[in-house]
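Okay, so here's the structure we're looking at.
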Amino acid sequence: MQVIETLAEGLKREIKVVIPAKDMEARMNERLAETKDKVRINGFRPGKVPVGHLKKMYGKSIMAELVNEIIREQPSAILSERGEKSATQPEIAMTEDEAEADKILTAQADLEFTLSYEIIPPIELKPVDGLKVTREVVDVSDAEVIEQIEKIAENARTFETKKGKAAEGDRVTMDYLGKVDGVAFDGGKDEDAELVIGSNRFIPGFEDQLVGLKAGDEKVITVNFPADYPAANLAGKEATFDITVKEVAAPAAIELNDELATKLGVESLDKLKEIVRGQIESQYGNVTRQKVKRQILDQLDELYKFDTPSKLVDAEFENIWRQINTDLAQSGKTFADEDTTEEEARTEYRTLAERRVRLGLVLSEIGEKGGVEVSEDEMQRALFAQLQQFPGQEKQILDFFRNTPGASASLRAPIFEEKVIDKLLAEIDVTDKKVSKEELLADDEAEEGDKPAKKAAPKKKAAAKADDATDGEEAAPKKKAAPKKKAAEGDAE
């Protein structure tokens with residue numbers, strides 16, 4: 001077999017592979033000899049079928065099997081021998097001429113094919129002892145714990161039917177029908193809808209007009225949908241809602257005690273405080289983790305500068321660009337609305353895609369050289385987490401990961417990445433800094449090194465955490481009740 005490099009330009013490689021016809025014929029004859037004792041052909045005793053007869057009957061099909069095996073197995077063997085890693089699956093090209101292909105299958109012509117691929121550039125790891133990060137830490141106060149418990153209690157608050165008029169804080173149960181220009185619109189109808197006046201769940205002006213109504217009252221409410229309302233057909237439009245009040249209920253008093261904790265499924269108020277404190281600390285810890293990670297990635301980005309495989313960058317860019325256009329479509333905005341152009345945005349996100357690919361390759365190299373591994377238990381937990389996100393679709397999810405090439409890598413990659421970050425945190429200079437929750441949660445764009453620009457609003461959704469493979473965002477499903485402020489808001493109070 002001849003292996004001839006025909007292109008070596010930057011990261012691009014093209015290899016021509018030639019296997020002489022006589023070698024292919026020898027392989028075919030070996031396979032025919034192996035087949036001789038297995039086939040049964042009328043007129044011949046077992047094992048006595050002449051090789052020439054077998055060749056006439058099965059030669060082409062066996063040769064086709066050999067060609068497929070070579071095409072399947074040789075690329076990885078060739079790359080291994082060359083000491084190269086392909087960024088993506090190598091592209092394989094061979095003759096499409098039927099006459100030429102027939103000659104190959106009959107061992108009258110050499111088997112020739114080419115491999116085209118981009119290599120992963122060699123990365124020389126640099127010392128990390130010069131990396132420094134500041135880890136912001138928030139002390140959770142007792143007051144914040146109580147505040148959170150009060151919010152939980154508010155959601156669990158009970159209401160008691162009252163005969164009087166609805167006031168701020170009361171819950172109104174109603175039927176409504178929304179119309180624009182006198183015509184009912186999709187999603188504008190609901191029955192037995194519950195709304196707490198003052199919760200600001202519905203569009204401005206809606207809840208205010210419920211004040212003073214009592215059970216049995218009917219009223220037509222007029223409101224204006226906000227100009228940025230998610231449903232484009234309603235944005236900025238005046239609408240009326242035919243309201244029928246079915247019940248008015250006053251809120252019961254909230255008391256923070258063991259009885260409340262029991263109602264929430266916890267044995268005592270002290271235990272509830274402990275649980276809530278842990279949840280708040282976990283939430284702050286996640287934010288701290290992302291800020292620390294971004295600092296590490298920004299410094300690695302400064303340390304490592306090398307060409308990135310264009311096909312990996314293309315794939316990453318397409319993922320980002322798809323999300324950007326989805327965000328724009330959902331918001332009903334254009335690039336012009338965001339004070340940019342499509343061309344400028346493409347350039348910026350191309351730069352972002354290159355950064356993400358480069359950092360991914362660096363983290364991969366650090367992890368491999370550092371012996372970072374993802375265990376089977378960790379993979380199973382990640383798969384279980386996926387199943388929990390899609391109740392009722394467990395079989396489809398399992399089938400997807402079992403039958404889709406590379407699907408398991410999407411589970412492994414974020415786990416591997418986080419373990420590499422953990423490894424780096426154990427080796428670099430980490431300084432803890434006490435901050436307020438406001439400082440921790442502040443959207444400090446100076447730290448958002450993955451944003452190539454700050455002016456375009458849609459970027460904040462898709463790119464704010466773009467360096468983190470575990471932080472994909474998914475749009476919330478739209479609810480049917482049109483008067484709500486946001487189409488994705490839930491009904492629970």
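The values are calculated or read from the model by the stated rules, or taken from the named source; none is laboratory data. Here the structure is a predicted model, which means the values were calculated and not measured. Glycine gets a Cβ as well: all are built from the backbone with ideal geometry, and neighbour counts include every protein chain shown. These area figures cover heavy atoms from the full protein model, side chains too; ligands, DNA and RNA do not enter into them. Shrake-Rupley method; radii C 1.70, N 1.55, O 1.52, S 1.80 Å.
Look at the dipole of segment 290-436 built from charges on Cβ: of L383, T347, T431, the Cα furthest out on the positive end belongs to L383. Where only DSSP H runs of four or more residues are counted, the chain gives -14500 deg cm²/dmol as its mean residue ellipticity at 222 nm, each run worth -39500 (n - 2.57). For segment 264-423, the carbon plus sulfur part of the accessible surface works out to 49%, probe radius 1.4 Å. Normalising the average separation of contacting C-alpha pairs (under 8 angstrom, six or more residues apart) by the number of residues puts the relative contact order of the chain at 18 percent. Net charge near V137, counting Lys/Arg +1 and Asp/Glu -1 over other residues with Cβ under 13 Å of its Cβ? Charge balance in the 13 Å sphere: +1. At the residue level, S408 shows approximately 60 square angstrom of accessible surface with a 1.4 angstrom probe and all protein chains present. Here r is the Cβ-Cβ distance between D429 and M57 and R0 is 56 Å; the resulting FRET efficiency, rounded to 0.05, is 0.15. Our estimate of slack between V220 and K103, defined as 0.36 nm per intervening residue step minus the Cα-Cα distance, is 33.9 nm. Remark: spin-label model distance K271-T244 equals 4.6 nm, labels positioned 7 Å along the Cα→Cβ axis.
Given their separation in residues at 0.36 nm each and the Cα-Cα distance between them, E191 and A64 gain 39.1 nm when the chain is fully extended.
Ordered from highest to lowest accessible area with the whole protein assembly present and a 1.4 Å probe, R356, R294 read as R356, R294. Note on V430: accessible area approximately 40 square angstrom, rounded to 10, probe 1.4 Å, nucleic acids and ligands left out.
Return the subset of K291/K311; K273/K419; K151/K263; K103/K311; K126/K369 for which the Cα-Cα distance in this structure is over 23 Å, preserving the input order. Too far apart for the 23 Å limit: K291/K311; K273/K419; K103/K311. Once C-alpha pairs closer than 8 Å and six or more residues apart are averaged by separation and normalised to the residue number of segment 60-166, the relative contact order reads 24 percent. Tell me the label only: which of (1) 0.95; (2) 1.04; (3) 1.11 is Rg/Rh (Cα atoms, Kirkwood Rh) as calculated from this structure? Of the labelled values, this structure produces (3).
Taking label points 7 Å from Cα along the Cα-to-Cβ direction, M1 and T88 give a separation of 2.4 nm.
Shape analysis of segment 226-339 places it in the oblate category; the axes a ≥ b ≥ c from the Cα gyration tensor give an a/c of at least 1.5, with a/b not above b/c. Spin-label model, R289 to K165: label points 7 Å out along the Cα-to-beta-carbon direction sit 5.3 nm apart. How much length would be gained if the chain were fully extended between A33 and E81, taking 0.36 nm per residue of separation minus their Cα-Cα distance, in nm to one decimal? Residue separation times 0.36 nm, minus the Cα-Cα distance, leaves 14.2 nm. Accessible surface calculations at 1.4 Å, restricted to protein heavy atoms, place the chain at 57 Å² per residue. Taking the average, over residues, of other Cβ atoms within 10 Å as the packing measure, peptides 414-421, 233-240 rank 414-421, 233-240 from highest down. Accessible-area rank, largest first, for M28, M94, M379, M1: M1, M94, M379, M28, with all protein chains present and a 1.4 angstrom probe.
Accessible surface of R171, taken over heavy atoms with a 1.4 Å probe and every protein chain present, rounds to 40 Å².
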